[in-house]
Amino acid sequence: MTGAETVRIAVVVGNPKAQSRTLGVANAVADAVAEGIAVATERFVVDLAEHAPLLFEQSSDRLTEIGDRVAASSVIVVASPTFKATYTGLLKAFFDRYGYQPFKGAVAVPVMTGAGSAHALAVEVHLRPLLVELGAAVPTRGLYVTEPELPDLAGIVKSWAEDAVPLVRRALA
């Protein structure tokens, strides 16, 4: 990375509810990454709930454009609430639109939210392998945030970022 370069950060949220708490968590993670990489960034946010009717229309120009912008990003924060111990079908349907390794050269950050900690490993066991399969480098552990932790979201993200953001920065270099 050179000092004059702008890093594109995409935030993709697979919560079926628009403007969800999961979106808030994903944006907080993107804020921490942007601050920690210490270069200019531009952000592209995809709240999949707003595009759900188009997900199964393979000829949707709008979703193709969104997918292209996500794939062209340097950092991709992918967030989902925990549904049936894994990520949502909404997120899966979006990523199924891609071909082979569309995120090659990108760094991905997996993020999941849940009611409690029972499925905290879902971010590592399910979401991380999906991002790796799409070709992204996933240099840090994912972040799993429970509902009881949401009031201290800033502290949770800050604690995660202390270890994670240097690894993201190194992966971007």
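The numbers here are math on the coordinates, done by the rules we state, and not lab data. This structure is a prediction, so every number in the text was calculated from the model and none was measured. No Cβ is skipped: glycine too gets one built from the backbone with ideal geometry, and neighbour counts run over all protein chains shown.
Assorted remarks:
- Residue match in segment 43-55 (condition: out of contact with any strand residue (DSSP E or B) (no Cβ under 6 Å at 6 or more places or on another chain), among the β-branched types (Val, Ile, Thr) and surrounded by fewer than 16 Cβ atoms within 10 Å (Cβ to Cβ)): no
- Selected residue (only one of Ser60, Ser80, Ser74 is among the hydroxyl-bearing types (Ser, Thr, Tyr) and either touching a Cys at 6+ places or on another chain (Cβ under 9 Å) or over 29 Å from Ala173 (Cα atoms) (or both)): Ser60
- Within segment 136-152, tally of residues that are among the charged types (D, E, K, R), part of a helix (DSSP H, G or I) and farther than 16 Å from Ser20 by Cβ: 1
- Which numbered condition Val77 fails, given (1) in a helix (DSSP H, G or I); (2) surrounded by 15 or more Cβ atoms within 10 Å (Cβ to Cβ); (3) not polar (S, T, N, Q): (1)
- Residue within segment 56-63 that is among the polar types (S, T, N, Q), without any contact (Cβ under 8 Å) to a residue 12 or more places away in the chain and surrounded by 13 or more Cβ atoms within 10 Å (Cβ to Cβ) present: yes
- Checking the stated criteria, Val123 turns out not to satisfy the condition of being surrounded by fewer than 20 Cβ atoms within 10 Å (Cβ to Cβ), under 13 Å from the mean Cα position of the chain (by Cα) and of a type in the set (A, V, I, L, M).
- Any hit, segment 149-157, residues being over 13 Å from Val25 (Cα atoms) and not β-branched (Val, Ile, Thr): no
- Per the listing Phe103, Phe44, Phe94, the residue uniquely in a strand (DSSP E or B) and aromatic (Phe, Trp, Tyr) is Phe44.
- Hits in segment 1-41 - residues which are aliphatic (A, V, I, L, M) and either assigned to a helix (DSSP H, G or I) or closer than 15 Å to Ala154 by Cβ (or both): Leu23, Val25, Ala26, Ala28, Val29, Ala30, Ala32, Val33, Ala34, Ile37
- Segment 135-156, residues that are within 24 Å of Phe103 (Cα to Cα) and buried (at least 16 other Cβ atoms within 10 Å of the Cβ): Gly135, Ala136, Ala137, Val138, Pro139, Thr140, Gly142, Leu143, Tyr144
- The number of residues in segment 106-135 that are of a type in the set (Val, Ile, Thr), in a helix (DSSP H, G or I) and out of contact with any Pro (no Cβ under 8 Å at 6 or more places or on another chain) comes to 2.
- Criterion (within 20 Å of Ala122 (Cβ to Cβ), in contact (Cβ under 8 Å) with a residue 40 or more places away in the chain and touching a Leu at 6+ places or on another chain (Cβ under 7 Å)) met by exactly one of Leu23, Leu91: Leu91
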